[in-house]
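First comes the structure, then the notes that go with it.
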Amino acid sequence: MLLAAAAGLTSVALSTTANAQDVTLRFAGTLPTTHHNAEGQYMFAEKVKEKTGGAVEVEVYPAGQLYKAREIPTAIGSGSIDMGFNLTSVWSTDPVSEITDIPFLFRDAAHAAKAWAPDGKLYQAFAAEMDKRGMKTVYVMFFGSLFDFGNNVRLLKNGEDFDGIKIRGYGKLAAEGLRALGASPVVMSPGEMYLAIQRGTIDGAITGVTSLESRKIWEVTDYATITGAAFGVMAVNISKASWGKLSPEQQAALTEAGTEVFEWSVEESERRDASSTQFLKDHGIETYVLTPEDKEKWKELFAPAYEAWKERANDEQEALVEWVGSL
């Protein structure tokens, strides 16, 4: 009886220890569940569960269920949420976080993916900035084509087409780019775009072509311009406190899962960009895709925005842009 009791106590102790190691992480996102980045959240959760034998559970909250995009960094810092994803320029307005928004820096999605590889200089520099803010960068997901336009005034093909148009932007550098084109930038949360366009508060918005479809912006716009000027990257950050709850093996599992989702998102973003562009055309949206010649002209128009970035950047950050360009 004594041996049985002792065995029972040992079993309870082992069970308690095992349960103490179990961790639940709440993961906030802002994109609709039909968007591939939201799908990437669920994919990450499944991979983490598999790689940790169920010891780490990731609860996914997509589509702004918990917080809007610009609220997520504060929520993570306060401990209200464990982790979340945002465009790099939403996490911080430092020059490193803005690099991915420099117009026409990346030649194509493959070039951008190479620059954002986990072992690359750009990823490491961004992760270092997040570390200063008490967060750990777990991985990045590719959003895809980002600096695209939906509007109700006219088809945007040349610089003069932007005169007098109010366009939603998503960050400082994007706003500077809009001013360089001659538009009036209005910064607002992505979740507010639809109603703002519908009510006439703004004439249109910058977003990704996949968001023109998944956020149903196509329902309230007549024209679309796909620029290929930038490729959005959704950085996934976790609070250091939440990261510290994990064992080294669990941390490695999260990193490994994130790398796999990153690699998937690169190919998936290209596929979705092409699919969404065709979707717009099929639904009667007059859609223009910039030609290589157009891109050279637009790059010249965007020059003031790049110069404004350089005024904020130091030599090390400018060297980082040169490194990206050399890939």
Give me the net charge of Leu25's neighbourhood, meaning all other residues with Cβ under 14 Å from the Cβ of Leu25; Lys, Arg count +1, Asp, Glu -1.
+2
Cβ neighbours within 10 Å, averaged per peptide: list 269-275, 51-57 in order, most packed at the top.
269-275, 51-57
Fraction of antiparallel bridges per DSSP, the stretch 57-208 only, in percent to nearest 5:
40
Take Glu129, Glu293, Glu300 and order them by how many other Cβ atoms sit within 10 Å, fewest up front.
Glu293, Glu300, Glu129
Overall form of the stretch 30-69 per C-alpha gyration tensor (a/c, 1.5; a/b vs b/c)
oblate
Please report how far the C-alpha centroid of the stretch 66-98 lies from that of the stretch 219-234, rounded to the nearest whole angstrom.
22
Which value in deg cm²/dmol, rounded to the nearest 500, describes the helix-derived mean residue ellipticity at 222 nm for the chain, given -39,500 (n - 2.57) per DSSP H run of n ≥ 4 and division by the residue count?
-15000 deg cm²/dmol
Separation between the Arg179 and Leu327 pseudo-spin-labels, each 7 Å from Cα along Cα→Cβ, expressed in nm?
2.9
Where does each of Asp163, Asp315 land when they are ranked from fewest to most other beta-carbon atoms within 10 angstrom?
Asp315, Asp163
May I ask you to order 301-314, 211-224 by the average number of other C-beta atoms within 10 Å around their residues, highest value first?
211-224, 301-314
For Glu322, the net charge from surrounding residues (Cβ-Cβ under 13 Å; K, R +1; D, E -1) works out to -1
Would you mind calculating the gained length between His283 and Glu263 on full extension (0.36 nm times residue separation, minus the Cα-Cα distance), in nm to one decimal?
4.1 nm
Net charge near Ala180: determine it from the other residues with C-beta under 10 Å of the C-beta of Ala180, scoring Lys and Arg +1 and Asp and Glu -1.
-2
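Computed from the coordinates by the stated procedures, all read-outs in this text should not be read as laboratory data. Computed from a prediction, not measured in an experiment: that's the story for all the values here. In this analysis, Cβ positions are derived from the backbone assuming ideal geometry, glycine residues included, and neighbour counts consider all displayed protein chains.
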